Structure formats: structure tokens, C-alpha cells
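Accompanying notes for the structure given below.
Every number in this text was worked out from the coordinates using simple rules, so none of it is lab data. From a predicted model like this one, the values you see are computed outputs, not experimental measurements. Glycine also receives a Cβ, built like all others from the backbone with ideal geometry; neighbour counts cover every protein chain displayed.
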Amino acid sequence: MFKSLRSKLVVFFVLVTLIPMSVVGFIGYTSQKQELSNQLEDSMISQTANLSAELLNLINERLMDVEMLTRSPVMRSPDSPVLSIREELYNFLSVNNIYYDAIILNQEGTVLIDTENEMTGRNLGDREWFHEVSESGLKQMSDIYYSDAIGRPVLVLGAPVYTHDHELLYYVSPSFDLDVFYERIDDYTTQQRSGGSEGYAFLLREDGMILSHPDQELVMNVNYFEELGVNKDELNDDIHPSGTTLQVNGEVHAFSRTNEIQGFPHRWYVGIAMHEDDLYSSLDHLLIRYVGFFFLVFVILIISVLKLSDYLVKPIRELVDRTKAYAEGDEVKQKKNEAYLEADHLHQAFDDMTERIREREDSHKKSTQVLAATDNGVFAADTTSQTITLANRQFKRLFGFDGQHVDGRSVADLMAESAFFRHFCEQVKLFTGETENQHRDKRQTEISCQDEFGNERIFFLSMTHLTSLNPPERSGEELLVVLQELTENRRMERELIHSEKLGMIGQMAAGLAHEIRNPMTTIKGFMQLLEQRDNGKNKEHYRVVLSEIDRVNDIMNELMNISSPEEVDEQELNETYVGGQIDEILTLHEPDIQERHIEVETFFAEGDEPILTNVHKLKQVLSNVIRNAIEAMPDGGRLILRAHSESMDPAEVVITISDTGDGMDEETAKKAGTPFFTTKEAGHGLGLATSYRIVKELGGSIDIDSIKGKGTSFLIRLPDLS
């Protein structure tokens, strides 16, 4: 064991350095104990200051939340309906999930609106926080107090809402979970307990009442100052400016005090407690580790300078250093032969190995860059374990795994996380028992599936079986899937085919209409002549015949319009609000809506600018679509109409008209807009065809989303022609 020179030198220097280092460590520990204790106490004070700052930030954030709510245009408008105010409150709650309820109170303290519908009509005018808000006219947050109404501590936030003319409208009070304050404090206690310490954090009210403590029986039941005999004035003197510590019942308590801020005129004491044994025993451990570390460093430094072993150790040490440098990504130069033969052979083998690894890394980087840059989604999965072994960025973007590391995860986990990926795998029949035979014969295919929003997505797939690169004991195969999205291409193809069919049908219909109109004009003329000579004997019959002739002429006119699209005439363009046009059309259809007991909901974005378009044609399109929606609900339902500007293109308005009627199957939805195609008994199939033509003339588009048995939605996009 001690035959080598190095081992003897190590033992010698250990004996020489261990005794002095032990003496120095003991003397240093006894002399620096007080200094280290002060540092630990200062650290506790610093932690209380940080906790105090976090609580103030949390309070200030809540005050800013309610101030932003009071500045909402909907809240400040005296003309805002209750539904709009309630919707604004719901938006506030959805954005700020820390809140669970919000109420609106009048100047007498009566609850007008409650998002939870539990407090409506109750009078809270006798509450202290309401008096503070009403008297100050500013946002206020109360101190924590015990509420007899709900049987637990509460912290109430309230603020007045003024109009733009600074007239008081009402008061708003959002309710948030008080546990957020406790969690900030309990995080410290949890951290201490997880580290094996008995330390904990607590919170005191200004009068000394315990607001937060690991022992829940003390909360709101025990006064800290009275229980422990602490003088509040002396504590305030010692705590200035940063904080102080107290020795209490074998524990060290560190305190800091929160500052007063506008809207929160109360002061809390934030405290951290640690048992004296825990606090000072950690000093011993820290110092021992500190001395041991320097002892080890000193030993290594002594050994490293031993020239007697350099001749044997130096080549190996150099190889180790080169290996570490290469592992860290640094460039490693080839080593010249300077040592003994065995070491030179070892360095030469290392140089050859690093060169081969570098070539493989370059090839791997190039392949990785190609996978990352391609627009196609690429992933590979082990067919035995059904785990993902490769996935590029486009695959993650398509299926909603952005920013996630999916390599090594099972296909089942990804299917459970992403409904889109589950539909894709079910459509392709991946890992269903049919994969092995199916995908060996069918390497390329085109599939259609639904994403998580129910939209149809079309992909062209290329599937290849790869020999697994796993160790020999795992001899399974991998399935490589390359998918190219064709959704937009197929949509454009359908639009092109639809446009071509519409044009061809229109041309045929135009010729037919022209040929029919001429004899119909002659027939109508002779019928009118016969009516005049008949002396009123068959007047009703003539009226019916002439009416039907006029109806045929109207159909012919529509066919002529479909076959010959018109250019947009700038003289016929006018500025209009889409929401106003929808309201006018709903007024025209009011009798049918009431007769069928249809519930109408409209959502128009506030502040939208008018658009420049052909108002007459816009009305014609909206009337056709709304009439179809009403007729699709003979037994009642909901008609939902939305209009807003496109976020990606503010110059484009998006109109959505949805009904809850019978809906259409996929084949019927594809045929919608084709001339003469209709599902109505008395329809002629030209209304939607005309609407498609008009929207196309105006530079827009119409998309249909329909589910059989659930309803239909028309999405109309129109540009602002200005």
C-alpha cells in the first residue's frame, strides 16, 4: 500500500498539514463564531425584508388590478348595460385567476351585481372597508380581520368607479384568495422543513395579532406581544431601519416591518423563527466543511508540485486534461511524442478517436439542421416500446408541443396531451396492431383528420421502417414518418374548382336564361292582351300566370348575375358599420324570429371603424345567410352574430353567423353555394350562389363550418375597400 513514492509522499504531507490545519480550524472557529452568528442573523433579517417586500408587491399588484378595472371604458360609462358590466367583470376574473368573485355596490352599499350571484341585493354599507373607500374616494385594501359571515380571515379590496366627468357611479370589490398571502410566507417554512430545519415564518398585525403561523390554532387567536411579553415600542425602535432579532424561548426571531403605501395604510410585522440549536449547529457544520475544503485543496496543491512523480503522471494528466477540454467543446490539438512509448501510443489513439468523433458530429449537425429547417413535420418512434425517438421543430409546432422535449416520451402520453395528435394517430392507425403490415406496403398516403379545434387538416405522409440504432439487446425497428400539410392547398383547389364550376354553370345558365327570357316576354305580352279582352272572367288565373312569369324572369335575372360578375364601382361604395347593417336586417326578420322563438345574441367589438363597401350588396349577402339560419331553426334555437376586425389585418372585418339548427353533413356543406343545389322544398338554390359571387366581387371569402345535428357557422371575411 505504501510502496510507491507517491503514496509515501501523500502520507507525509497529510501528517505535516493535518495537525496545523486542525489547530488553525479550532482557533478560527472560536474566534469567528460570533461574527458568523451575526452574519446568519443578518441573513435572517434580510430574508424577512425580502418577504416583506414580496407581500408589499403582492398588495400593490392587487391595488393596481382594481385600479385598471375601474379605468375600463365599460365600467366608467354610465350608459353601459348590466350585461356589458358583468361581461367586463368575467373578463377581469378570467385574466386574473387569483380572483374568484367580483361585486358592484351602489353608493348606499347595496350589491347590484355579483358574478357568483350569491350576494346580489345584500347591503354591505355597515362594513368598515366600505366606509374607508367611500370616505377617501380612493382604492383601499383593508387589514386582515376575522369575518363572522364566512367564518375565516378575510382581506377586502374595494375602489370607487368614476365617469369620465369624475362623477361617482358605484363601487367595485373583487374578491381574491387570501391563501396567496399565506403561501408566500409558508414557502419559506416549507423550504426550511424540506432542508431538515425547524425554522418557520409568521406574520403579525400591527397590534401583534398573529395573522399567519404554521400552528393554525394561533392564527387570529393569540397576540404575539402579549403572549411573549414583547414591548411593541422597543421592538419598533430596534427594528428601524432594516430589522432586528429577539431571543425568545430558545428561538431566534428576526423581524422586519412593511411600509405604508397608498391604498394600504396598515403595517405588518414579518418574522422568521429558527431554533437556537439549529441556527448555531449549522455554524459548526459550515466551518468544518470550510476547513475541510481548504485542507483538501492544500493537499492537492502539495501533491501537484511533487516533481518526483511528474515523469509518470504528467502524460496521463495531460490526456485527462485534453479529454475534459474536448468534452467541454474546446478545440484539442494533436499531441507530439514527448513521453515514453506507451503514453505516446495512448495519445495517438486519442487523437484518432477525436477525429472520427468530430466527423460524426459534423454529419449529425448537418442532419439536425436539415430537420430543423424543413417545413415538413418529421418524427420517428420505436415500434416495440412505442416511444418517440426523433421529433423536429415543425412536428412540435403542428401538434402543440412547442418548447417541450418529446424525445423518449411514449406515444400514448403525447396522444393524451394533444387531441390533434391522437386524431392523427387514429386516422393513420399507428401502433394499432396493423402498423407492421400496413405501413410496409403503404409507404405514402394522404389522410384527413381533425385538430383540437375540430378543423379539418390534410396531410401527405411518407412512412419508412428504419433499423433501430439501439443496443443489440433492443433489436426493435423504428418507424419514420414525414408529413407535409396540404390543408391550404386542398382548400385553394376546392375554391378554384368551385369557381370554375360556378363559371361554367353560370355561362350555361346565362345562355339558357337569355333564350328563355325572349319567349317568356312574348308569352307575358300575349297573356296581358288576353287579360284585357277577357273582361275579367279569368282575372285570378291571369294574375297567377303573370306572377309565375315574373318569378321565372327573376330567376333568370339571378342566373344572369351569377354568370357575369360585376367589377366594383367606386361610385356605389359607402362607409357603413357592419353591426348597424346586421341590426337592420334582424329588424326586418323580427316577425319570423319571434314566431320561431329564436334567441338572438349579437357581439360587436366596441370602437370598430366603419368600412368602405357596397352597402346594397352587403345587405343582400347578410340577408341571405341570416334568412337561411332562421329557416334552419323551425322549432327555435340560438342565432349568434359576431363582427370584429381581424387581429392580423385591421383593414379586414370578420362576420360570423351561427345557428343551432340541424346542420349539414360534410358532403352537403361542400355543395353549398352551387347554383340550383338546395335542401329546401320551395328553394331554387340561387341565394347562396349569389352571396358567394357578391363576396368574391368585394374581395372577400366565405367559409362554412357545419356539424350535423348541432348547427352551422358562416365565416365571412370582407376587406375595407378604402
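So here's what we get for this one:
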item: Note, ³J(HN,Hα) from phi for the stretch 200-205, Karplus 6.51, -1.76, 1.60, rounded to Hz, x at Gly and Pro; result: 8, 10, 8, 10, 10, 6
item: Label zone at THR110 (point 7 Å along Cα-to-Cβ), backbone N below 18 Å, the stretch 137-180; result: 169-173
item: Estimated distance in nm for a label pair at LYS671 and GLU260, the labels positioned 7 Å out from Cα along Cα-to-Cβ; result: 7.9
item: Förster-model FRET efficiency, 60 Å R0, GLU456 and TYR145, C-beta, rounded to 0.05; result: 0.55
item: Whole-number percent relative contact order across the stretch 66-176, with pairs defined as alpha carbons under 8 Å at least 6 apart; result: 29
item: Alpha carbon centroid spacing (whole Å) that separates the stretch 573-601 from the stretch 210-234; result: 65
item: Within the stretch 149-191, backbone nitrogen closer than 19 Å to the virtual label 7 Å beyond the Cα of SER136 toward Cβ; result: 154-162, 168-176
item: Cβ-Cβ FRET estimate between ARG393 and ARG638, R0 fixed at 41 Å, reported to 0.05; result: 0.50
item: Efficiency of FRET between ARG360 and ILE316 - r from beta-carbon atoms, R0 22 angstrom, step 0.05; result: 0.25
item: Nitroxide proxy distance, nm - points 7 Å out along Cα→Cβ at ASN91 and VAL370; result: 5.0
